[in-house]
Amino acid sequence: MKSRNLIIKTFLIGFILVGISASAFNPAPKDRYKKITILFTNDTHSRIEPFAKNDKRLANLGGYARRAAMINQIRSEEKNVLLFDAGDVFQGTPYFNFYHGELEYKLMSLMGYNAITIGNHEFDGGIEGLNKALPAAKFDVLSANYDFSETILKDKIKPYAIYIINGIKVGVFGLGVALDGLVTANNYGKIKYLDPTEKAAEVAFLLKKTEKCDLVVCLSHLGFSYQDKQISDVVLAKQSKNIDIIIGGHTHTFMDNPYVLKNSDNEDIVVAQMGWGGTRLGRVDFYFTKNKLVKF
Amino acid sequence: MTNRKIISILLISVLALSSACKTHWVVLHDKTESKVIVLDTVNVKQDDAQLLQIIKPYKAQIDSEMNEIIAYSDLTLYKVDPEGLLNNFIADLIFLKGNEYLQKTNNIMASFCILNSGGLRNDLPKGAITLRNVYELMPFDNELVAIQVSGRNVKIMLDYIAKKGGVPESGIVMSIKSDSAQHVVIGNSPFDISKNYTIITSDYLAAGGDDMSFFKDAIATYPLSIKVRDAIIEYLKEQTKLGITITSKLDKRIYYEK
């Protein structure tokens, strides 16, 4: 009896000591905390060059070469950067009428984009047009709620992708806006639009719980918010679980700062959009800590 | 409990603990930092040389075709809903050009023209207007059409316009009161629900684009085989040829009732 107690005590003390030493002698802070930087754009609309100097609202802003310079500068300061776009890369200047999106994708590949989702204007040249430009895209094109299985885009567009950066597992998925009544039927052909709320819940669960991603990013072309009840980033954010940030597009919304809302579990979710025309670059830095022992 | 049991429980615990530490990183939401970086010449002193070099030949080709000045404007034409200088200017000229083509091909005239606000993609600047400006205003390859629809569908359209808070239009005078169209005059006569109306619009909208579902069951469709953009270019060039500097004004064609 006595000896058993002693053994238990020894183990318990040893166990506590191991616990203490593990936290007290954690080598460097960088192993306890990690940081990743997420950069993003939306609705860049073929604005290869900056807006003209006589533009009423956006004079001299944007341009691909300027965006690239800013991204390079951030990459020189931060080692762990992911770069995304929330759709409508296509259409808006003669560059699209002349080169049909290929130049945009080529330049975005050089900037090191990791993934983009599809906006309604990606179909302005029809499914064929998008398919033709895709080989220039050396990044993932993601959509979880467009079903391409009966089109030539089958297997070229994935619902989600997972990136491991600085040891952090980041799950990313895309959501597109309803096509009927927005895109001419001939241009989207046999693409099936699936309910974005259901798809978001399903894919976010898969990424966070099954794939055990540390961070889940939603690239959305649903639009920031509307006067009526239609699905938007704000509506989605509030009823969501398992999503940490929605990078949005479509409504060309300018905001002074990304919003932080509460999801249905009362956890923070960032909702951001960068106006349009590539005049702004969004930046969100996430910090991570090792899973708290409390849970164990 | 035997010692062996205790040891195994503790071993399992330690293993579980170590594996949890290895795989899971938790976001510290309260530490998240976010910002908007404006891409202006203050924040970026020097554009990326590699990209500039790649863009160069593409830009050269576009400049050579797109820098042509085709008209001059007295003022900046920009979009405002329900009524704006750009809305009126474009809708008026599309109505005019559309009717010109419709008369040539079918010898009939339309009663009004409607477009969609989202379809006007940029302002037209004051001073010289280049082809590039028109491409940026109307980048789409949509074509003009005339469609004939029932008065009943026009009524749905009028309330759609009211709910949207106005669209670029020409030939209709109306007010908006709590999402419905009031005091509607088309041409010179009050709107008559028992009449059919012929409308100039784009093939995109005629096919139900921008939720214009009331156009889907048109009585007749007359394709006009000219792009909306080309109709604008044609009009601007004609004005310049006549020595006319373009202008626009507001005339209270759509307004909110107080």
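Here, each number is a calculation from the coordinates, and none is a lab measurement. Here the structure is a predicted model, which is why all the values come from computation and not from measurement. All Cβ positions, even for glycine, are placed from backbone atoms using ideal geometry, and neighbour counts span all protein chains on display.
For chain B, a Kirkwood hydrodynamic radius built from all Cα pairs, placed in the Stokes-Einstein relation at 20 °C and 1.002 mPa s, yields a translational diffusion coefficient of 96 µm²/s. An oblate overall shape is assigned to the stretch A:34-179, the ratio a/c of its alpha-carbon gyration tensor axes (a ≥ b ≥ c) being 1.5 or greater and a/b not exceeding b/c. Using the Cβ of B:I156 as centre and a radius below 12 Å, the other residues enclosed give a net charge of +1, where K and R count +1 and D and E count -1.
Computed from point charges on the beta carbon alone (+1 for Lys and Arg, -1 for Asp and Glu), the dipole magnitude for the protein assembly as shown about its Cα centre is near 2820 Debye.
Charge dipole of chain A (Cα centre as origin; +1 on each Lys and Arg Cβ, -1 on each Asp and Glu Cβ, all else neutral): 1580 debye, rounded to the nearest 20. So what is Rg over Rh here for the protein assembly as shown, counting just Cα atoms and using Kirkwood for Rh? Result for the protein assembly as shown is an Rg/Rh of 1.09. Placing R0 at 30 angstrom, the Cβ-Cβ distance between A:R75 and B:S225 gives a FRET efficiency of 0.05 after rounding to 0.05.
So if we plug the beta-carbon distance of B:A49 and A:M255 into 1/(1 + (r/R0)^6) with R0 = 22 Å, what FRET efficiency do we get, rounded to 0.05? According to the calculation, E is roughly 0.10. Pairs from the list B:K195/B:K249; A:K34/A:K212; B:K79/B:K195; A:K169/A:K241; A:K79/A:K212; A:K156/A:K192 with a Cα-Cα gap above 21 Å: B:K195/B:K249; B:K79/B:K195; A:K79/A:K212. Each of B:L102, A:L134, B:L242 has some number of other Cβ atoms within 10 Å of its Cβ, and from fewest to most they run B:L242, A:L134, B:L102. Relative to the longest principal axis of the C-alpha atoms of chain B, give the angle of the C-alpha long axis of helix B:49-66, reported between 0 and 90° and rounded to the nearest 10°. Its long axis makes an angle of about 10 degrees. Note: relative contact order over the stretch A:125-176, using C-alpha pairs below 8 Å and six or more positions apart, is 35 percent. Applying 0.36 nm per residue to the separation of B:K258 and B:I108 and subtracting their alpha-carbon distance, the gain on full extension is 50.2 nm.
Antiparallel beta bridges, as assigned by DSSP with both residues in chain A, represent about 45 percent of the total such bridges.
Kirkwood radius and radius of gyration were both taken over the C-alpha atoms of the stretch A:35-295, and their ratio Rg/Rh is 0.95. The sum of -39500 (n - 2.57) across all DSSP H runs of n ≥ 4, divided by the residue count of chain A, sets its helix-only mean residue ellipticity at 222 nm to -8500 deg cm²/dmol. Springs between alpha-carbon atoms under 10 Å, Gaussian network over chain A: tell me which of A:G181, A:G63, A:G248 tops the mean-square fluctuations. Of the options given, A:G181 has the highest mean-square fluctuation.
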